[in-house]
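The values are calculated or read from the model by the stated rules, or taken from the named source; none is laboratory data. Note that this is a predicted model, so its numbers are computed, not measured. Virtual Cβ from ideal backbone geometry, glycine too; neighbours counted across all protein chains shown. SASA here: full protein model, heavy atoms, side chains in, ligands and nucleic acids out. Shrake-Rupley method; radii C 1.70, N 1.55, O 1.52, S 1.80 Å.
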Amino acid sequence: MDNGARIFVAGHKGLVGSAIVRELRARGFTNLILRTRNEVDLTDRTAVNRFFVNEQPEYVFLAAAKVGGILANNKHPVEFLRDNLYIELNVMDAAWKHRVKKLVFLGSSCIYPKFSPQPIKEEHLLTGELEPTNQWYAIAKIAGIKLAQAYRKQHGFKAISLMPTNLYGPGDNFDLQSSHVLPALIRKFHEAKTNGARQVTVWGSGQPRREFLHVDDLADAALYLMETYDDGEIVNVGLGDDVSIAELASKIAAVVGYEGEIVYDASKPDGTPRKLMDVSRLTGLGWVAKVTLDEGLRSTYRWYLENYAETGLRASAPARRS
Ligand code: GDP
């Protein structure tokens with residue numbers, strides 16, 4: 001991509017899209033095409049086609065998705081399945097028709113089977129049953145992968161698919177009902193400290209293990225692979241290291257400076273027991289993550305304090321899946 005290339009970042013208000021925009025701008029790309037949902041509704045095929053006719057993007061990062069944590073997925077299965085299918089279909093089809101040079105599709109680690117061998121390799125896709133709590137989202141993302149592979153196979157369209165692990169960072173969703181665990185716990189511990197509460201409740205048993213990648217690392221990987229990778233095989237993007245939810249809770253309590261008790265609410269679901277990515281394909285391609293979980297938690301808490309906690313305003317729209 002040259003610095004003047006016309007680059008469409010779909011979902012630029014979300015966690016992933018906004019990180020990709022920051023990274024592109026930092027590297028001197030000046031011709032970014034960005035549209036809010038009100039300007040172009042990506043679930044609307046006609047609107048998407050009109051947008052591609054008018055704007056003729058050359059490169060596309062497909063980071064737009066209906067996303068949310070374990071409860072949100074369970075409560076809104078229709079939106080998680082339907083909206084994500086529409087977005088993928090409309091954007092990929094228009095990108096192919098309008099001769100986009102390359103498209104990067106962002107998937108998720110929850111596409112893999114619930115009891116996948118760990119660490120999870122790309123070839124474990126479709127080898128077992130999905131985790132029921134997020135199967136709607138997972139099926140939509142699997143369809144997106146297959147769509148990208150189908151356009152490549154039948155039409156030679158250069159679409160690549162990246163499967164990020166659980167993401168976090170600036171612009172995350174801190175709403176306690178719909179967010180993922182990491183921003184939820186930052187908020188819960190911060191509010192408990194501020195209000196002098198003696199207990200913080202963490203959902204589930206604390207035993208499940210998750211891998212957390214800073215979204216700036218994902219953006220760096222997405223640009224790197226846009227420029228260097230051209231194959232239908234999916235690529236995991238992660239750190240290659242995980243923690244239990246209980247360990248995560250202790251780390252966040254320490255970063256926030258909360259000294260009270262941590263209790264577990266067994267009535268809430270645990271979800272997949274473990275979700276650790278095997279990142280050897282990615283490291284073989286020459287990329288490794290740079291931000292450690294400890295650094296990332298500190299900087300994300302600073303971001304939360306500056307952008308969310310003090311104003312009480314809702315920060316940018318959420319956009320990620322685990
Ligand atoms: P998942 O990775 O798809 O399971 O999504 P989440 O990030 O929502 O949840 C990860 C794990 O953290 C699950 O075992 C949750 O039960 C647990 N968890 C603990 N406390 C919370 C919380 O306050 N919010 C969320 N979303 N998950 C929590």
Self-check item: Residue, least open to solvent (accessible area, probe 1.4 Å), within the stretch 265-299, restricted to residues that are modelled with pLDDT under 95 and assigned to a strand (DSSP E or B)
Solution: LYS275
Quiz item: In the stretch 119-136, how many are more than 14 Å from the ligand (Cβ to nearest atom), in contact (Cβ under 8 Å) with a residue 60 or more places away in the chain and assigned to a loop (DSSP other than H, G, I, E, B)?
Solution: 3
Quiz item: Quick one: is LEU176 over 30 Å from ASP93 (Cβ atoms), touching a helix residue (DSSP H, G or I) at 6+ places or on another chain (Cβ under 7 Å), within 16 Å of the ligand (Cβ to nearest atom) and of a type outside the set (Phe, Trp, Tyr)?
Solution: yes
Quiz item: Restricting attention to the stretch 230-254, which residues are touching a residue at least 12 places away in the same chain (Cβ under 8 Å) and more than 16 Å from the ligand (Cβ to nearest atom)?
Solution: ASP230, ASP231, GLY232, GLU233, ILE234, VAL235, GLY240
Quiz item: Take the residues of the stretch 169-186 that are more than 17 Å from GLY204 (Cβ to Cβ) and not hydrophobic (A, V, I, L, M, F, W, C): which is surrounded by the most Cβ atoms within 10 Å (Cβ to Cβ)?
Solution: ASP172
Practice problem: Among what's in the stretch 302-314 and is touching a helix residue (DSSP H, G or I) at 6+ places or on another chain (Cβ under 9 Å) and surrounded by fewer than 19 Cβ atoms within 10 Å (Cβ to Cβ), pick the residue that is modelled with the highest pLDDT. | Solution: LEU305
Exercise. Output yes when any residue across the stretch 27-37 is within 27 Å of GLY69 (Cβ to Cβ) and out of contact with any helix residue (DSSP H, G or I) (no Cβ under 9 Å at 6 or more places or on another chain), and no when none is.
Key: yes
Quiz item: Which residue out of GLU191, GLU227 is over 18 Å from the mean Cα position of the chain (by Cα) and free of Cβ contacts under 8 Å to residues at least 40 places away in the same chain?
Solution: GLU191
Exercise. Could you check, for the stretch 107-118, whether at least one of its residues is in contact with a helix residue (DSSP H, G or I) (Cβ under 9 Å, 6 or more places away or on another chain), among the hydrophobic types (A, V, I, L, M, F, W, C), closer than 20 Å to GLN149 by Cα and in a loop (DSSP other than H, G, I, E, B)?
Key: no
Exercise. Quickly run through the stretch 51-81 and pick out the residues that are assigned to a loop (DSSP other than H, G, I, E, B) and basic (Lys, Arg).
Key: LYS66
